[in-house]
Amino acid sequence: MIDFSRVQKELQECSRDMEASGIKVTPVSDNLVNLSGTIPGPIGTPYEGGIFKIDITLPDGYPFEPPKMHFVTKVWHPNVSSQSGAICLDILKDQWSPALTLKTALLSVQALLSAPEPDDPQDAVVAQQYLRDYQTFLGTARYWTETFAKTSSLGVEEKVQKLVEMGFPEALVRSSLEAVGGDENLALEKLCSG
Amino acid sequence: MEENFQPSDQMEPLSESDRLEQTCIEGAYLLQVSRSFFPWKNGLLLHRMSSLLNEKSKFHSIPISRRMQNQEECGAGGGATSCEFEDWGSFGDEAIIQQKSEISADEAQKIPFVADKEPISALAAEYQSGSPILLEKIKILGEQYAAIRRTRGDGNCFFRSFMFSYLEHILDSQDQAEVDRIKAKVEECRKTLQSLGYTDFTFEDFFALFLEQLDSVLQGNESSISHDELIIRSRDQSISDYVVMFFRFVTAGEIRKRSEFFEPFVMGLSNGTVEQFCKSAVEPMGEESDHVHITALSDALGVPIRVVYLDRSSCDTGGVSATMTFSTQNKCNCWFWTSEC
């Protein structure tokens, strides 16, 4: 049986200091079982500037059982599945405690973005890239942030189209965009110099 | 773990009068005979020795625990598309969580959170083909205790045993002064958590539920409960787990408040800081208790706890019983170690 009065208190707390933390939690349905959270990508990481949406489902045993969380926004990170958005984080599993809250859990997810643990991966492909070719990892992670986590910027397809219209081959445009993390101007520079 | 309890200058044996003053809870851990074959641990908690009080028939007690050690691993599932160990792909987090809950459900069928009273002879029967030292120790237990109660081995056995033993003690003694005393302590614990930065709503429900149980074991008011009802509540997850969590909060608060004192002991158990230890080994449900937890809870609430180890160790003189008492009386921050050796 979910302790709904506690969930309500948690939501109030979150909205109270949303300005400071940047963490947002809102109910998706009336029953407070399905919630939606967003976290800003940490500054100084390839996720900077992105807003990441996380789907939250409260199990029957909440707060004794951990909330179920996964990324809705696609993210390139060793501890997040690039396919499903599943998160590998101890506090969302056996290290959960009723002393934690939705807000502290989301803060932990945010901290995980800053400090990947490639030796304990959720996504083996990403982890391998992180360990063997860190520069490519950074580029891909930036590109995914640019593409999926920035709603206000132009979609990647529009950028591709723009550059293709300038006369560059599409395959080269795509690889250039990816290499510079999705920044249109940097890609153009690269295409011109290449 | 016994090695952690070498007597030092700080520790002194309890005098008999001290023992008699310490009315409350006694406990014993039973370490599994052969841990290499059975990677789990049994725990027993025993109530105070009845013969000391000449009321042997009233004495009961105990919890036993049995719990698989954490063996789950993170990862190797989910999006692992090109994993070298393809077979591991089928062991995702979901599968691990499901297996864990199956193990818990299986265990739940075998034993309630707090079981019925059993004679000590039931314990002896269980170890009949085991080490003669164990049987000898069980015999000594039998001279001191009338009965045992087992508790479910879900990692919460220490806290659950403490809850039942303490509430049962209040129910039997109707000691209003003790209830007033512990309520004051509980308030101190609340302030401690607040000053450590815990958000009120994360712990207030657990505090309220414990105080409610405390009031209900005192007779003479509308919410009073019988001994049978106490057993029913101890087996009711929606009450029992809340009280366990209350103790976990109290324990974590005490450890962090006196982190300087606990730090060296924590370092012996984990690699992290005191705060990390509390987050990973005290606050989560199902994390087993060690001497650090026991000392902290005993200190925070001012309730003495006696732990009796039932293992295969013996000493040169042939003595076979060792008792550790965690007490806040006389001196703070130290525990007393007594042994027949």
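The values are calculated or read from the model by the stated rules, or taken from the named source; none is laboratory data. Everything numeric here is computed off the predicted structure, so don't read it as measured data. Here Cβ is always computed from backbone atoms with ideal geometry, including for glycine, and neighbour counts include all displayed protein chains.
Scanning the stretch B:111-140 for residues that are in contact with a strand residue (DSSP E or B) (Cβ under 8 Å, 6 or more places away or on another chain) and surrounded by 15 or more Cβ atoms within 10 Å (Cβ to Cβ) yields B:Ile111, B:Phe113, B:Val114, B:Ala115, B:Lys117, B:Glu118, B:Ile120, B:Leu123, B:Leu134, B:Lys137, B:Ile138. Would a scan of the stretch B:304-318 turn up a residue that is farther than 22 Å from B:Tyr145 by Cα, crowded, with 20+ Cβ neighbours inside 10 Å and at pLDDT 85 or above? Taking every residue of the stretch B:304-318 in turn, none turns out to be farther than 22 Å from B:Tyr145 by Cα, crowded, with 20+ Cβ neighbours inside 10 Å and at pLDDT 85 or above.
Could you list, in sequence order, the residues of the stretch A:34-56 that are touching a residue at least 24 places away in the same chain (Cβ under 8 Å), assigned to a loop (DSSP other than H, G, I, E, B) and either more than 9 Å from the chain's Cα centre (by Cα) or over 28 Å from A:Val7 (Cβ atoms) (or both)? The answer is A:Pro42, A:Gly44, A:Thr45, A:Pro46, A:Glu48, A:Gly49. Taking the criterion of being within 18 Å of the chain's Cα centre (by Cα) and assigned to a strand (DSSP E or B), would at least one residue in the stretch B:125-148 satisfy it? Yes: one or more hits. For A:Leu106, the criteria (1) closer than 18 Å to A:Lys24 by Cβ; (2) out of contact with any helix residue (DSSP H, G or I) (no Cβ under 9 Å at 6 or more places or on another chain) hold in every case but one, which is (2). A:Pro66 meets each of the listed conditions (1) within 9 Å of chain B (Cβ to nearest Cβ); (2) buried (at least 16 other Cβ atoms within 10 Å of the Cβ); (3) not in a helix (DSSP H, G or I) apart from (1).
Has the stretch A:84-99 got at least one residue that is touching a residue at least 60 places away in the same chain (Cβ under 8 Å) and either over 24 Å from B:Phe206 (Cα atoms) or touching a helix residue (DSSP H, G or I) at 6+ places or on another chain (Cβ under 8 Å) (or both)?
Going residue by residue through the stretch A:84-99, those that are touching a residue at least 60 places away in the same chain (Cβ under 8 Å) are none.
Scanning the stretch A:84-99, I find no residue that is touching a residue at least 60 places away in the same chain (Cβ under 8 Å) and either over 24 Å from B:Phe206 (Cα atoms) or touching a helix residue (DSSP H, G or I) at 6+ places or on another chain (Cβ under 8 Å) (or both), so the answer is no.
Scan the stretch B:272-288 and give yes if some residue there is closer than 27 Å to B:Arg152 by Cα, away from every other protein chain (no Cβ under 14 Å) and in contact with a helix residue (DSSP H, G or I) (Cβ under 8 Å, 6 or more places away or on another chain), otherwise no. Looking through the stretch B:272-288, none of the residues is closer than 27 Å to B:Arg152 by Cα, away from every other protein chain (no Cβ under 14 Å) and in contact with a helix residue (DSSP H, G or I) (Cβ under 8 Å, 6 or more places away or on another chain). Number of residues in the stretch B:250-268 that are more than 12 Å from every other protein chain (Cβ to nearest Cβ) and more than 17 Å from the chain's Cα centre (by Cα): the value is 12. Looking across the stretch A:105-139, the residues that are farther than 30 Å from A:Pro63 by Cβ and away from every other protein chain (no Cβ under 14 Å) come down to A:Asp133, A:Tyr134, A:Gln135, A:Thr136, A:Phe137, A:Leu138, A:Gly139. Scanning the stretch B:279-296 for residues that are under 16 Å from the mean Cα position of the chain (by Cα) and not aliphatic (A, V, I, L, M) yields B:Glu283, B:Pro284, B:Gly286, B:Glu287, B:Glu288, B:Ser289, B:Asp290, B:His291, B:His293, B:Thr295.
Mind listing just one residue for me: the one in the stretch A:1-26 that is in a helix (DSSP H, G or I), over 24 Å from the mean Cα position of the chain (by Cα) and facing chain B (nearest Cβ under 9 Å) and, of those, nearest to A:Tyr62 (Cα to Cα)?
Just the residues of the stretch A:1-26 that are in a helix (DSSP H, G or I), to begin with: A:4-16, A:18-21.
Among the residues that remain, those that are also over 24 Å from the mean Cα position of the chain (by Cα) are: A:4-6, A:8-9.
Now narrow it down to the ones that are facing chain B (nearest Cβ under 9 Å): A:5-6, A:9.
Working: A:Ser5: 11, A:Arg6: 9, A:Lys9: 14 Å.
Among those residues, the one meeting the criterion is A:Arg6.
If I filter the stretch A:156-194 down to residues being more than 26 Å from the chain's Cα centre (by Cα) and of a type in the set (Gly, Ala, Ser), which single residue comes out as farthest from A:Thr140 (Cα to Cα)? Among them, the one singled out is A:Gly167.
Could you please give the count of residues in the stretch A:102-120 that are among the β-branched types (Val, Ile, Thr) and touching a Leu at 6+ places or on another chain (Cβ under 9 Å)? Show your work before the answer.
To start, the set of residues in the stretch A:102-120 that are among the β-branched types (Val, Ile, Thr) comprises A:104, A:109.
Okay, now just the ones that are also touching a Leu at 6+ places or on another chain (Cβ under 9 Å), so A:109.
Within the stretch A:102-120, residues that are among the β-branched types (Val, Ile, Thr) and touching a Leu at 6+ places or on another chain (Cβ under 9 Å) number 1.
Taking first residues from the stretch B:207-222 that are exposed (fewer than 11 other Cβ atoms within 10 Å of the Cβ) and partners that are part of a loop (DSSP other than H, G, I, E, B) and of a type in the set (A, V, I, L, M), the Cβ contacts under 9 Å between residues at least 6 apart in sequence or on separate chains come to B:Gln219/B:Ile225.
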